[in-house]
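Scroll down for the structure; my scribbles are underneath it.
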Amino acid sequence: MKISFSFATAWRPAGLFAASALLLATSCTAPRAIVATGKVTPQGEFRVGYNQGFNVATASLSKAGAAVKEAASQALTQQKVDYTDATTQLQAAALAYVLDPVQPTADLNIRYGIVPRLDAGYKYAFGSHVLDTQYQFLGPTGTPEDPGAGATTGTTYGSIGLQFATQRAKLPGLSFLSDINSLLNFRATRNDLLVPLTFSNSFGPEEEIGAISYGLVYAHSWVSYGFAPTKLFNGSVQVPELTLQKRDFSSFGGFVNLKLGYRYFYVIPAVSLFYQNYGDYALLNGQSTSLSGVTVVPSLGFQLRLPNLFKQ
């Protein structure tokens, strides 16, 4: 059976993804959903996609109880706020939400096959810019139209990737976090490095109808932050600002995803799980806090494959 390919038809889903992204994306969190397979983009081909997920972090949930939200709301109405234990909790909540927020995530992405076993890509996560590359060390490097030797259903592929993201971190648009920021004048930046090791088993030759993928992930993050409150006092003395602090931490995790479709268009549900010990963080007034927890990232992706039409 001959399958025809039309660029006009193929770009319709991409336009839908872009419109959906503008409506659904509400964060600038660096993407941690792993939707790649062990097979990289074949040389000369493009892949474009859209991913929508949700970042669920136990550290943030544990720091955002009803008492913290009430304290943030009350502080907003006062001209002068006394430093108490609640103020320490407000800072811990702000840090937790910058380190690992509970909120939707989304990204638009494009990839290109540079050479037979190496591709590279760019993701725009609505405030976070991401560059990544992936090297395939296992499995054939053909295409559904021109399968490589040994490519069939069940063929195993393996690859290792490197992803770097940079962003000016900001608190999610939740009312109590806006109240916290009004009191503390919190500012932060962060950079993230992600190294996924991915294996996959093909459905059809060269993932013609998809694949199941699984693997391990190592991540490392660098965070700079500070607080500069103007109405926070110890008695009659204004609490001095916390100058820029720098911290870094590692994350370890695993993932599984399912790629389903046919040749040019695929749907990719995925879930990733991470554990991280964020470490100790200095706060205002000589205080400090420690953070650690588990993060679950379920996601749903859409991918459009643009074959190399000039390949002989």
| message | Report, in listed order, any pair from Lys123/Lys259; Lys123/Lys246; Lys69/Lys246; Lys63/Lys170; Lys63/Lys123; Lys170/Lys259 with a Cα-Cα distance greater than 24 Å. | response | Lys123/Lys246; Lys69/Lys246; Lys63/Lys123; Lys170/Lys259
| note | Per-residue accessible area, 1.4 Å probe, largest first, puts Ser213, Ser224 in the order Ser224, Ser213
| note | note: the chain, Cα-Cα separations exceeding 35 Å make up a percent value of 29 percent
| query | Where q = 0.19 Å⁻¹, what log10 of I(q)/I(0) comes from the Debye formula for the stretch 144-247, counting one point per Cα? | reply | -0.97
| query | Restricting attention to the alpha-carbon atoms of the stretch 202-312, what are Rg (one decimal) and Dmax (integer), both in Å? | reply | 23.2, 79
| query | Got a sec to turn the phi values of the stretch 106-117 into Karplus ³J(HN,Hα) couplings, 6.51 cos²θ - 1.76 cosθ + 1.60 with θ = phi - 60°, whole Hz, x for Gly and Pro? | reply | 7, 7, 9, 9, 9, 10, 9, x, 7, 9, x, 10
| query | Using a 1.4 Å probe on the protein chains only, how many percent of the accessible area of the chain belongs to carbon and sulfur? | reply | 62 percent
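The values are calculated or read from the model by the stated rules, or taken from the named source; none is laboratory data. As the structure is a prediction and not an experimental result, all values here were calculated from the model. For accessibility, only protein heavy atoms count, side chains too; no ligands or nucleic acids. Shrake-Rupley method; radii C 1.70, N 1.55, O 1.52, S 1.80 Å.
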